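Please read the structure below before turning to the comments.
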Amino acid sequence: MNPSRRKFLKGVGVASAGAAIAEHLWNEAEAKEEQTATPQTVSGATKITLDVNGLKRTVEVEPRTTLLNTLRNHLEPAVTGPKLVCDAGTCGACTVLLDGKPVYSCLVLAVDATNKKITTVEGLGSPEQPSAVQAAFVEHDALMCGFCTPGFVTTISAYLKKNPNPSLEEVREACKGNFCRCGTYPRVFEAALAAAKASSSSSQV
Ligand code: FES
Ligand code: FES
């Protein structure tokens, strides 16, 4: 509890016996505040190591730097699969997996992504060996400008691990955090269902 708040509370508090109780309560409140206080303040450029697609990448960033910004603008070589579109957590173009869970990397601070496995669309497969979802996107022509594609591929890849045999409705629901301004949704959903089917005979998503 800061001194001015204590002074204020004491100023409006009760006298004598009441004051003793109030003091006890203040001390309790103080102890609770100390327990929940942020243990460490980070400021200035900070060296961190990220696990990106299985590689340890050390980089120096300010604590306010988002994971998306770090991947695209601070790593050398850069990881540009996740796209910067809204930078406000509304479109899904920047989706990456953190320990297998899809997140908007424009809403995650890089310093909070240390000790987690970061998987971008590049980590799911390669042009030579695409994952089932990547191959299905190509086969079903599930993109126009392609800006939203890495986000959809990443989201769908994670979802099919959770639900290997989804219905169209379930795929639509799973993709509700990703927007395609070109309106390629029907083909994106087709590709997702095709990837699920292809993966049912193999374990690869
Ligand atoms: S760029 Fe992150 S949600 Fe749009
Ligand atoms: S293909 Fe252009 S935004 Fe989706």
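For (1) within 16 Å of ligand 1 (Cβ to nearest atom); (2) touching a Cys at 6+ places or on another chain (Cβ under 7 Å); (3) touching a residue at least 24 places away in the same chain (Cβ under 8 Å), each residue gets a yes or a no:
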residue: 165; (1), (2), (3): no, no, yes
residue: 170; (1), (2), (3): no, no, no
residue: 180; (1), (2), (3): yes, yes, yes
residue: 187; (1), (2), (3): no, no, yes
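What are the pairs, 6+ residues apart or on separate chains, where a residue within region 135-152 that is more than 15 Å from residue 195 (Cβ to Cβ) has its Cβ under 7 Å from a residue that is away from ligand 1 (no atom under 16 Å from the Cβ) and part of a loop (DSSP other than H, G, I, E, B)?
Going by the 7 Å Cβ cut-off, the qualifying pairs are 144/184.
Please count how many residues of region 60-119 are in contact with a strand residue (DSSP E or B) (Cβ under 8 Å, 6 or more places away or on another chain), more than 8 Å from ligand 1 (Cβ to nearest atom) and part of a strand (DSSP E or B).
Result for region 60-119: 12.
Looking only at region 180-205, count every residue that is closer than 20 Å to residue 101 by Cβ and either surrounded by fewer than 18 Cβ atoms within 10 Å (Cβ to Cβ) or touching a strand residue (DSSP E or B) at 6+ places or on another chain (Cβ under 9 Å) (or both) and tell me the total.
Total meeting the criteria: 2.
So which pairs qualify, if the first residue must be in region 74-89 and surrounded by fewer than 15 Cβ atoms within 10 Å (Cβ to Cβ), the second must be among the aliphatic types (A, V, I, L, M) and at pLDDT 95 or above, the Cβ gap must be under 6 Å, and the two must be at least 6 apart or on different chains?
89/107
Mind telling me which of the residues 138, 171 ends up being surrounded by fewer than 20 Cβ atoms within 10 Å (Cβ to Cβ), over 28 Å from residue 64 (Cα atoms) and of a type in the set (Val, Ile, Thr)? Explain how you work it out, then say what you get.
Details: 171 fails: surrounded by fewer than 20 Cβ atoms within 10 Å (Cβ to Cβ).
Sole residue among the options that is surrounded by fewer than 20 Cβ atoms within 10 Å (Cβ to Cβ), over 28 Å from residue 64 (Cα atoms) and of a type in the set (Val, Ile, Thr): 138.
Which is more than 15 Å from residue 131 (Cβ to Cβ), within 16 Å of ligand 2 (Cβ to nearest atom), of a type in the set (A, V, I, L, M, F, W, C) and part of a helix (DSSP H, G or I), of 152, 189, 147?
That would be 189, the only listed residue that is more than 15 Å from residue 131 (Cβ to Cβ), within 16 Å of ligand 2 (Cβ to nearest atom), of a type in the set (A, V, I, L, M, F, W, C) and part of a helix (DSSP H, G or I).
Residue under question is residue 137, and the condition is that it be of a type in the set (Phe, Trp, Tyr), in contact with a Pro (Cβ under 9 Å, 6 or more places away or on another chain) and within 16 Å of ligand 2 (Cβ to nearest atom); does it hold?
Numbers: of a type in the set (Phe, Trp, Tyr): yes; in contact with a Pro (Cβ under 9 Å, 6 or more places away or on another chain): yes; within 16 Å of ligand 2 (Cβ to nearest atom): yes.
Yes.
List pairs: first in region 99-127 and without any contact (Cβ under 8 Å) to a residue 24 or more places away in the chain, second more than 16 Å from ligand 2 (Cβ to nearest atom) and charged (D, E, K, R), Cβ under 7 Å, 6+ apart or cross-chain?
Pairs found: 99/116; 99/117.
The values are calculated or read from the model by the stated rules, or taken from the named source; none is laboratory data. Source: prediction; values computed, not measured. Cβ: placed from backbone, ideal geometry, glycine included. Neighbour counts: every protein chain shown.
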